[in-house]
Structure formats: structure tokens, C-alpha cells
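Asker: Got a structure for you, questions after.
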Amino acid sequence: MNRGSLVVFLLLILLVGCGGANEDSDAAEQFITEKGYTIVKKEKEAYEYTLTKSQLTEMPYIQYWSVQSEAPDAYIGKQIRTSKFIVNHHPLDELSDQDKKQTVIYVMESGDDVIGGYSIPDYQELHMGWVYSIDGETLEEMTGMSYPGWLEEWNKAYK
């Protein structure tokens, strides 16, 4: 292979390699839009971590994983990427004290999989509390359990 062909080949490898990051973001975007939410702003990857079993009993990870539709077991030991989006046309937009009428969604991905995510109202000022499921459900609505009962079961599984 001559030098010019080698340079072109290396550039193609770099371009293909860079495309993977956009594909991850595209998968998260597609996940959100398929749910019927309109993306107002995309903030790309918010953070990345390797999930450990001990994190599942620590804040804030217990919140993030408590409102997923599938158990976190398959993702222990794997890299988790979380991307942040501001959306509208979401159920949390209509909360009585939510004046911005938009919602923050965090989409969690591992490898090529979109795991799910969680949401919070986009308040003007800081609010304390638990996160909602990607579709705005509370932990109690998702599980049918009270928080103390759910926490007892969760700790049996992950402590």
C-alpha cells in the first residue's frame, strides 16, 4: 500500500471510529422521540461510570436504577453512559408548580443498548426529591409498592 492510500485508509478508520459516538447519541434521541417527546435541547453525554453492585444501594444510583423497567443485574460491571435532554410534551410538563413547561430526561445506555432513563421537571429553582421514570411515573406507580417496602426488597437483592 502506498503512502497516499495509507493516509486515506487511516482517515476512513478515524471517521468510522468517530461515527460510533454519534450513533450512541442518535439511539438516545430516537428512544426519546419514539416515546412522543420533542427534544428542545440535547446536552450529549452527561456522565459515564462502571456500575457496581454496591452503587445500587448508594445515592444517587439507587434513584436512577429504581425507576427502570428492567433490573440492573445485567449491567453490573458494564460502562453506563448517561445523556441529558430537555424535552417537552412530557407528562411532567403539567405539574402545577412547573413553570417552564419542559422536562429533563436522562437516557442511560450501555454498549449498543438503550437501558432506559429517568426524568425530572425542569424547575426554575432547585427542588429536592426522587427522580421519575422516563415517562414520569413515581417509584410507587411503577412498582405498586410503598417506598419502605420497596427499599427492603431492593436492599435484600443488592446489599
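The values are calculated or read from the model by the stated rules, or taken from the named source; none is laboratory data. In this text the structure is predicted, and so the values were computed from the model without any measurement. Methodologically, a virtual Cβ is constructed for each residue, glycine included, from the backbone with ideal geometry; neighbour enumeration extends over all protein chains shown. Accessible surface is based on the protein model in full, side chains and every heavy atom, while ligands, DNA and RNA are left aside. Shrake-Rupley method; radii C 1.70, N 1.55, O 1.52, S 1.80 Å.
Asker: Report yes if Tyr118 is more than 17 Å from Phe31 (Cα to Cα) and either out of contact with any Phe, Trp or Tyr (no Cβ under 7 Å at 6 or more places or on another chain) or crowded, with 19+ Cβ neighbours inside 10 Å (or both), otherwise no.
Answerer: Numbers: more than 17 Å from Phe31 (Cα to Cα): no; either out of contact with any Phe, Trp or Tyr (no Cβ under 7 Å at 6 or more places or on another chain) or crowded, with 19+ Cβ neighbours inside 10 Å (or both): yes.
Considered against the rule, which asks whether it is more than 17 Å from Phe31 (Cα to Cα) and either out of contact with any Phe, Trp or Tyr (no Cβ under 7 Å at 6 or more places or on another chain) or crowded, with 19+ Cβ neighbours inside 10 Å (or both), Tyr118 comes out as no.
Asker: Quick check, is Lys35 more than 28 Å from Trp150 (Cβ to Cβ), open to solvent by 60 Å² or more (accessible area, probe 1.4 Å) and at pLDDT 65 or above? Outline the logic, then answer.
Answerer: Values: more than 28 Å from Trp150 (Cβ to Cβ): no; open to solvent by 60 Å² or more (accessible area, probe 1.4 Å): yes; at pLDDT 65 or above: yes.
When the stated conditions are applied, Lys35 does not pass them.
Asker: So, one more: Please verify whether segment 121-134 includes one or more residues that are closer than 17 Å to Tyr64 by Cβ, open to solvent by less than 40 Å² (accessible area, probe 1.4 Å), modelled with pLDDT of 95 or more and not in a strand (DSSP E or B).
Answerer: Looking for residues that are closer than 17 Å to Tyr64 by Cβ, open to solvent by less than 40 Å² (accessible area, probe 1.4 Å), modelled with pLDDT of 95 or more and not in a strand (DSSP E or B), one finds at least one in segment 121-134, hence yes.
Asker: What are the pairs with Cβ atoms under 6 angstrom where one residue, in segment 128-155, is in contact (Cβ under 8 Å) with a residue 24 or more places away in the chain and the other, located anywhere, is among the hydroxyl-bearing types (Ser, Thr, Tyr) and open to solvent by 40 Å² or more (accessible area, probe 1.4 Å)? Sequence gap at least six, or different chains.
Answerer: Listed by first residue and then by second, the contacts come to Trp150/Thr143.
Asker: May I ask you to verify whether Val114 is modelled with pLDDT of 95 or more, under 15 Å from Tyr132 (Cβ atoms) and either of a type in the set (Val, Ile, Thr) or in a helix (DSSP H, G or I) (or both)?
Answerer: no
Asker: Within segment 100-114, track down each residue that is over 22 Å from Lys41 (Cβ atoms) and open to solvent by less than 40 Å² (accessible area, probe 1.4 Å).
Answerer: To start, the set of residues in segment 100-114 that are over 22 Å from Lys41 (Cβ atoms) comprises 110-113.
Passing the criteria: only Ser110.
Asker: Out of everything in segment 53-82 that is of a type in the set (Asp, Glu) and within 17 Å of Tyr118 (Cα to Cα), what residue ends up being modelled with the highest pLDDT? Give the derivation first.
Answerer: Of all residues in segment 53-82, those of a type in the set (Asp, Glu) come to 58, 70, 73.
Then drop every residue that is not within 17 Å of Tyr118 (Cα to Cα), which leaves 58, 70.
Values: Glu58: 96, Glu70: 91.
Selected residue: Glu58.
Asker: How many residues, within segment 33-50, are without any contact (Cβ under 8 Å) to a residue 60 or more places away in the chain and either among the charged types (D, E, K, R) or under 11 Å from Tyr158 (Cβ atoms) (or both)? Before you say what the answer is, go through the steps one by one.
Answerer: So in segment 33-50, the residues without any contact (Cβ under 8 Å) to a residue 60 or more places away in the chain come out as 33-34, 36, 38-39, 41-45, 47-50.
Pick out the ones that are also either among the charged types (D, E, K, R) or under 11 Å from Tyr158 (Cβ atoms) (or both) and you get 34, 41-45, 48.
Residues in segment 33-50 being without any contact (Cβ under 8 Å) to a residue 60 or more places away in the chain and either among the charged types (D, E, K, R) or under 11 Å from Tyr158 (Cβ atoms) (or both): 7 in total.
Asker: A further question follows. Looking at Tyr106, Tyr118, Tyr123, which is the one that is of a type in the set (Phe, Trp, Tyr) and farther than 22 Å from Arg81 by Cβ? Let's see the steps before the verdict.
Answerer: Values: Tyr106 fails: farther than 22 Å from Arg81 by Cβ; Tyr118 fails: farther than 22 Å from Arg81 by Cβ.
Every option except Tyr123 fails the conditions.
Table: residues versus (1) crowded, with 16+ Cβ neighbours inside 10 Å; (2) touching a strand residue (DSSP E or B) at 6+ places or on another chain (Cβ under 7 Å); (3) closer than 15 Å to Phe31 by Cα.
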site: Ala46; (1), (2), (3): no, yes, no
site: Thr52; (1), (2), (3): no, no, no
site: Ile62; (1), (2), (3): yes, no, no
site: Ser83; (1), (2), (3): yes, yes, yes
site: Ile86; (1), (2), (3): yes, yes, yes
site: His89; (1), (2), (3): no, yes, yes
site: Ser146; (1), (2), (3): no, no, no
site: Ala157; (1), (2), (3): no, no, no
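Asker: Next question, about the same structure. Please verify whether segment 10-24 includes one or more residues that are under 15 Å from the mean Cα position of the chain (by Cα) and either open to solvent by less than 60 Å² (accessible area, probe 1.4 Å) or modelled with pLDDT of 90 or more (or both). First the steps, then the outcome.
Answerer: Of segment 10-24, the ones under 15 Å from the mean Cα position of the chain (by Cα) are 24.
Checking which are either open to solvent by less than 60 Å² (accessible area, probe 1.4 Å) or modelled with pLDDT of 90 or more (or both) leaves us with 24.
Checking segment 10-24: at least one residue is under 15 Å from the mean Cα position of the chain (by Cα) and either open to solvent by less than 60 Å² (accessible area, probe 1.4 Å) or modelled with pLDDT of 90 or more (or both).
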